[in-house]
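A short write-up of the structure that comes next.
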Amino acid sequence: MNQFLKGCNLYLIGMMGSGKTTIAQILAPQLEYRYFDTDRLIEQVAGQSIPEIFAESGEAAFRELETKVLSELCAYTRLVVATGGGIILNRQNWSYLQHGVVVWLDVPVEQLYQRLSGDTTRPLLRDPDPMAKLRSLLDQRQSLYSQADVRVIVSPEDTPEQIATGVLSEI
Ligand code: S3P
């Protein structure tokens, strides 16, 4: 196990609501790695919440912070990093992600929608039709997520522990 990882960072990518944070928090102690979440780091750097950053400075400013935070994580090894769902959009981010092993948590859009219904922390979902918005984001991003080293297909009945075990068996 972990022949692929070899002490590198592990980056979890995938849509909002795909469980990156939960799975990263399960994996970090199992691997004896440290856990980070790019969204939380961005909030610390900005001194603002994600919705505040989007509202006051816009998505482009958020993406700049995201790239900055990700680039700084490259200085470290043995991290499990839960990334924001849009981290794959910026080509430069891929050069940073390549400092580790990238795992895509591929969750059906219906399940994402269920998990995110009522969520107020994701500015991109503030849309009259959040399901259509999720589908369109996934359409735009699918080919980028599929550039991950490993794709873990998540079924509705999988528990977080089963998903984490699935990730471990692939890296
Ligand atoms: C975003 C996902 C969010 C957060 C921001 C933008 C996206 O992170 O970075 O709201 O573009 O998909 P999660 O994937 O952790 O929800």
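Each Lys and Arg adds +1 at its Cβ and each Asp and Glu adds -1 at its Cβ; summed about the Cα centre, region 9-170 shows a dipole of about 260 debye. For Ile171, Ile26, the ranking by accessible surface with the largest value first comes to Ile26, Ile171, using a 1.4 Å probe. Rolling a 1.4 Å probe across the protein heavy atoms gives the chain an accessible surface of 50 Å² per residue. Does the chain come out rounded, prolate or oblate, given a ≥ b ≥ c as the square roots of the eigenvalues of its C-alpha gyration tensor, rounded meaning a/c under 1.5 and, failing that, prolate meaning a/b above b/c? Oblate, since a/c reaches 1.5 and b/c is not below a/b. Per the Cα gyration tensor, region 2-82 maps to an equivalent ellipsoid with semi-axes of 25, 13, 10 Å, ordered largest to smallest.
How much of the accessible area of the chain, in percent, comes from carbon and sulfur atoms when a 1.4 Å probe is used? Carbon and sulfur together cover 49 percent of it. Packing, as the average of other Cβ atoms within 10 Å across residues, places the peptides 62-73, 102-113, 79-90 in the order 79-90, 102-113, 62-73, highest first.
Accessible area of Glu43 (1.4 Å probe, protein heavy atoms only, ligands and nucleic acids ignored): about 50 Å².
Pull out a ≥ b ≥ c, the square roots of the eigenvalues of the alpha-carbon gyration tensor of region 115-171, then state rounded if a/c is under 1.5, prolate if not and a/b is larger than b/c, and oblate in the remaining case. Oblate is the answer for region 115-171, as a/c is 1.5 or above yet b/c matches or exceeds a/b.
The values are calculated or read from the model by the stated rules, or taken from the named source; none is laboratory data. Just so it is clear, the model here is predicted, and its values are computed rather than measured. A quick note on method: Cβ atoms are made from the backbone with ideal geometry, for glycine too, and the neighbour counts reach across all protein chains shown. Areas reflect the complete protein model, heavy atoms only, side chains present, ligands, DNA and RNA absent. Shrake-Rupley method; radii C 1.70, N 1.55, O 1.52, S 1.80 Å.
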